[in-house]
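The values are calculated or read from the model by the stated rules, or taken from the named source; none is laboratory data. What you see is a predicted model, and the numbers here were worked out from it, not measured in a lab. Please note: Cβ atoms are built from the backbone with ideal geometry, for glycine as well, and neighbour counts cover all protein chains shown. Just so you know, the surface numbers come from the protein's heavy atoms only, side chains and all, with ligands and any DNA or RNA stripped out. Shrake-Rupley method; radii C 1.70, N 1.55, O 1.52, S 1.80 Å.
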Amino acid sequence: CNKAFEQFIGRQRNELLGRSVFDISPPDLAERYHAADQALFDNPGIQTYEASVQSTDGLRRDVIFNKATYSRADGTLAGLVGIITDITDRKQSEALIWMQANYDALTGLPNRRLLNERLRESMRRSQRREDCVAVMFIDLDRFKEVNDTLGHEAGDKLLMEAARRIVACVRETDTVARQGGDEFMVLLPGLADRSAIERIASDIIQTLAQPFSLDADAAYVSASIGITLFPQDGDNPVTILKNADQAMYHAKEEGRNRYSYFSPAMQAQAQERLRLGKELRRALRNQELRLYYQPILQLASGHVTKAEALLRWAHPERGLIQPGDFIPIAEELGLIDSIGSWVFEEATAAALRWYQQDLPPIQLTINTSPRQFAKGQSLEFLLERLQHLPLDGARIGLEITENTLLDEHPAITAQLARLCAAGVQVSLDDFGTGYSAMAYLKRLDIDYLKIDRSFVRDLATDPSDLAITEAIIAMGHKLGLQVVAEGIETVEQRQLLLAAGCDLGQGYLFATPMPEAEFIAYLQAGG
Ligand code: C2E
Ligand code: MG
Ligand code: MG
């Protein structure tokens, strides 16, 4: 124990001699050092490792331990001798250099270098998972004017605020980086679904178009965003970044304050979706939505006992649009709750008409989107309507998807319970295609499983589809549920399903979805 050690540890020599690590180190560290010493005794030699210690003044210091065993003349082990090197200053300057090399000093965001590293990493991971990575190149429009007229200090403030606003638009796992000047990059890894990209791009454009208050002045800028996708638009970071830059220039050329995709096909699709979205708002007001009805039969008897309400959009110029082409847009734009309410209103009105016209009793099932449960307005609307209409709740069924149950929100369980109390039965739609957690089948009030069309399609040719279908039917029955197969197109499929014990079926073999008048005629003709 020398002078330097006394100073380092903050104790006098006489306090140290004869003590063990347990007397001079915090307990958690002492345990580790003791174990390392023990290992060295068991395996005599030299040991070097980096560690951190706490001196008595409470300061944490980074050190290198060099320890060695030494022996007596007869070769038996005598003890350990150790040297401590204080490397705290070096560590701190290393950390500082690392910060400076990887982060932008003004905004605190990752810089170009770190973005490149993360991009490389995300590309590797995405290859393994077979999903996609989106890169956005954001350039502030008219930033130079702010800088020139209000001064650099104001310009810096605006950039810091812009950085904060962009960060607020993305998930925690995404990276927002400053590329330099008034250019930012956003890295969105692990995207299973591209609809999120456009939502984020629109959010960023909107938030940056809000005024920036800089001391006495308010400044206005906007943003042009270029979007590229890995692997679609390039297989290496250099190409991806170059393409994002090019897409950003395209957005500028188109008039700024907008986003643009690198690939023309993606750009065309995005524009199409934007246009459809605008028209969809109008569709509700102009009563362009329609419900079609498809019968669901008892497979054994051929008796029609249910029907599914399927939404169509009668577009004035484009004709009938299928739900797959506009429901995702409605969900993105937050229109699904009002559309859902419209569907509930129309479907309950139809069910009431059929009841009053003395048609054979039919349960009409209505499709719902997970977002409707998240907000709950349209379900509230349905429950209220059922209370006020002279319509038995058993005449209505809801179809929910596995995604509805995914986040196990207590509100969803409560809503399902209220529907159940009102006599409304629930089917789990597209079963087998999502993240099926068997546990919720047991816990929640579900009455029917609907086997997805993708399994039914290849029943006759693909033995594993047949096996899955048989297993779903057997499991459903064990749990006391009835099973519906959708998309039955051939007699052979119907035969196989019947043999597997499937209860109900729906598909073009029996009838396609049809407008109400046609459906009523179908029922009156005996199905
Ligand atoms: P889904 O609930 O699984 O509906 C079954 C789909 O399969 C319907 O497509 C139906 O027309 C189609 N189909 C029925 N039988 C056959 C067949 O034998 N062969 C083939 N190839 N297809 C068949 P559609 O009407 O295009 O609806 C697509 C999806 O849109 C529905 O899938 C449902 O998830 C959603 N959807 C429909 N209406 C609504 C609605 O009012 N609200 C919500 N949130 N979603 C809806
Ligand atoms: Mg359905
Ligand atoms: Mg389905």
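Answer with yes or no whether Ala467 is assigned to a helix (DSSP H, G or I), small (Gly, Ala, Ser), in the same structural domain as Thr368 (by TED's automatic domain parsing) and over 22 Å from Leu398 (Cα atoms).
yes
With respect to the numbered conditions (1) open to solvent by 10 Å² or more (accessible area, probe 1.4 Å); (2) within 25 Å of Tyr522 (Cβ to Cβ); (3) within 16 Å of ligand 3 (Cβ to nearest atom), which one is the sole condition not fulfilled by Gly397?
(1)
What's the number of the only condition in (1) open to solvent by 10 Å² or more (accessible area, probe 1.4 Å); (2) over 27 Å from Gln524 (Cβ atoms); (3) under 33 Å from the mean Cα position of the chain (by Cα) that Gln387 fails to meet?
Just one mismatch for Gln387, condition (3).
Any idea which of Gly487, Gly501 is assigned to a loop (DSSP other than H, G, I, E, B), touching a residue at least 24 places away in the same chain (Cβ under 8 Å), on the phi > 0 side of the Ramachandran plot and within 12 Å of ligand 1 (Cβ to nearest atom)?
From the options Gly487, Gly501, the qualifying one is Gly487.
So, in segment 38-77, how many residues would count as being among the charged types (D, E, K, R), modelled with pLDDT of 90 or more and surrounded by 10 or more Cβ atoms within 10 Å (Cβ to Cβ)?
Number satisfying all stated conditions: 1.
Residues are listed down the side, and each one gets a yes or a no for (1) within 16 Å of ligand 3 (Cβ to nearest atom); (2) aliphatic (A, V, I, L, M); (3) within 15 Å of Val304 (Cα to Cα); (4) under 33 Å from the mean Cα position of the chain (by Cα):
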{"position": "Leu444", "(1), (2), (3), (4)": "no, yes, no, yes"}
{"position": "Asp447", "(1), (2), (3), (4)": "yes, no, no, yes"}
{"position": "Arg457", "(1), (2), (3), (4)": "yes, no, no, yes"}
{"position": "Gly480", "(1), (2), (3), (4)": "no, no, no, yes"}
{"position": "Leu496", "(1), (2), (3), (4)": "no, yes, no, no"}
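Find the residue count for segment 320-362, including only residues that are surrounded by fewer than 16 Cβ atoms within 10 Å (Cβ to Cβ), more than 20 Å from Ala422 (Cα to Cα) and among the hydrophobic types (A, V, I, L, M, F, W, C).
Residues flagged as surrounded by fewer than 16 Cβ atoms within 10 Å (Cβ to Cβ), more than 20 Å from Ala422 (Cα to Cα) and among the hydrophobic types (A, V, I, L, M, F, W, C) within segment 320-362 amount to 2.
Quickly run through segment 421-446 and pick out the residues that are within 16 Å of ligand 1 (Cβ to nearest atom) and in contact with a Ser or Thr (Cβ under 7 Å, 6 or more places away or on another chain).
Listed by number, the residues that qualify are Ser427, Asp429, Asp430, Thr433, Gly434.
Checking Gly18 against (1) farther than 30 Å from Val176 by Cβ; (2) in contact with a strand residue (DSSP E or B) (Cβ under 8 Å, 6 or more places away or on another chain), only one condition comes out false. Which one?
Failed condition: (2).
Kindly indicate whether Gly432 is surrounded by fewer than 21 Cβ atoms within 10 Å (Cβ to Cβ), under 30 Å from Lys375 (Cα atoms) and in contact (Cβ under 8 Å) with a residue 40 or more places away in the chain.
Yes.
Could you give me the residue pairs with C-beta distances under 8 Å whose first residue belongs to segment 348-359 and is touching a residue at least 12 places away in the same chain (Cβ under 8 Å), whose second residue is open to solvent by 90 Å² or more (accessible area, probe 1.4 Å) wherever it lies, and which are 6+ apart or on separate chains?
Filtered contacts from segment 348-359: Tyr355/Pro361; Tyr355/Asp392; Leu359/Gln524.
So, restricting to strands (runs of 3 or more DSSP E) that lie completely within segment 205-252, which ones have at least 1 residues that are surrounded by 14 or more Cβ atoms within 10 Å (Cβ to Cβ) and in contact with a Cys (Cβ under 8 Å, 6 or more places away or on another chain)?
Where strands (runs of 3 or more DSSP E) fall fully within segment 205-252 and carry at least 1 residues being surrounded by 14 or more Cβ atoms within 10 Å (Cβ to Cβ) and in contact with a Cys (Cβ under 8 Å, 6 or more places away or on another chain), they are 222-230.
Has segment 363-373 got any residue that is in contact (Cβ under 8 Å) with a residue 24 or more places away in the chain and surrounded by fewer than 16 Cβ atoms within 10 Å (Cβ to Cβ)?
So far as segment 363-373 goes, no, none of its residues is in contact (Cβ under 8 Å) with a residue 24 or more places away in the chain and surrounded by fewer than 16 Cβ atoms within 10 Å (Cβ to Cβ).
Answer yes or no as to whether Arg124 is loosely packed, with under 15 Cβ neighbours inside 10 Å and either among the hydrophobic types (A, V, I, L, M, F, W, C) or not in a helix (DSSP H, G or I) (or both).
For Arg124, the condition - loosely packed, with under 15 Cβ neighbours inside 10 Å and either among the hydrophobic types (A, V, I, L, M, F, W, C) or not in a helix (DSSP H, G or I) (or both) - is not met.
Going residue by residue through segment 260-279, is there one that turns out to be hydrophobic (A, V, I, L, M, F, W, C) and assigned to a loop (DSSP other than H, G, I, E, B)?
There is at least one residue in segment 260-279 that is hydrophobic (A, V, I, L, M, F, W, C) and assigned to a loop (DSSP other than H, G, I, E, B).
Among the residues of segment 119-127, is any touching a Phe, Trp or Tyr at 6+ places or on another chain (Cβ under 7 Å) and either of a type in the set (Ser, Thr, Tyr) or at pLDDT below 90 (or both)?
yes
Just one of the numbered conditions (1) surrounded by fewer than 17 Cβ atoms within 10 Å (Cβ to Cβ); (2) more than 16 Å from ligand 1 (Cβ to nearest atom) is not true of Leu406; which one?
Of (1) surrounded by fewer than 17 Cβ atoms within 10 Å (Cβ to Cβ); (2) more than 16 Å from ligand 1 (Cβ to nearest atom), only one is false for Leu406: (2).
Taking segment 48-77 on its own, how many of its residues are under 30 Å from Gln92 (Cα atoms) and either of a type in the set (Gly, Ala, Ser) or out of contact with any Ser or Thr (no Cβ under 9 Å at 6 or more places or on another chain) (or both)?
Residues that pass the stated criteria total 10.
Looking only at segment 195-204, how many residues end up being open to solvent by 50 Å² or more (accessible area, probe 1.4 Å) and out of contact with any helix residue (DSSP H, G or I) (no Cβ under 8 Å at 6 or more places or on another chain)?
Selection size over segment 195-204: 1.
Would you pick out the residues in segment 12-33 that are outside any helix (DSSP H, G or I) and modelled with pLDDT of 85 or more?
Of everything in segment 12-33, those that are outside any helix (DSSP H, G or I) and modelled with pLDDT of 85 or more turn out to be Gln12, Leu17, Gly18, Arg19.
Considering only segment 303-319, state which residues are more than 23 Å from Ala351 (Cα to Cα) and open to solvent by 20 Å² or more (accessible area, probe 1.4 Å).
Correct list: Pro316, Glu317, Arg318, Gly319.
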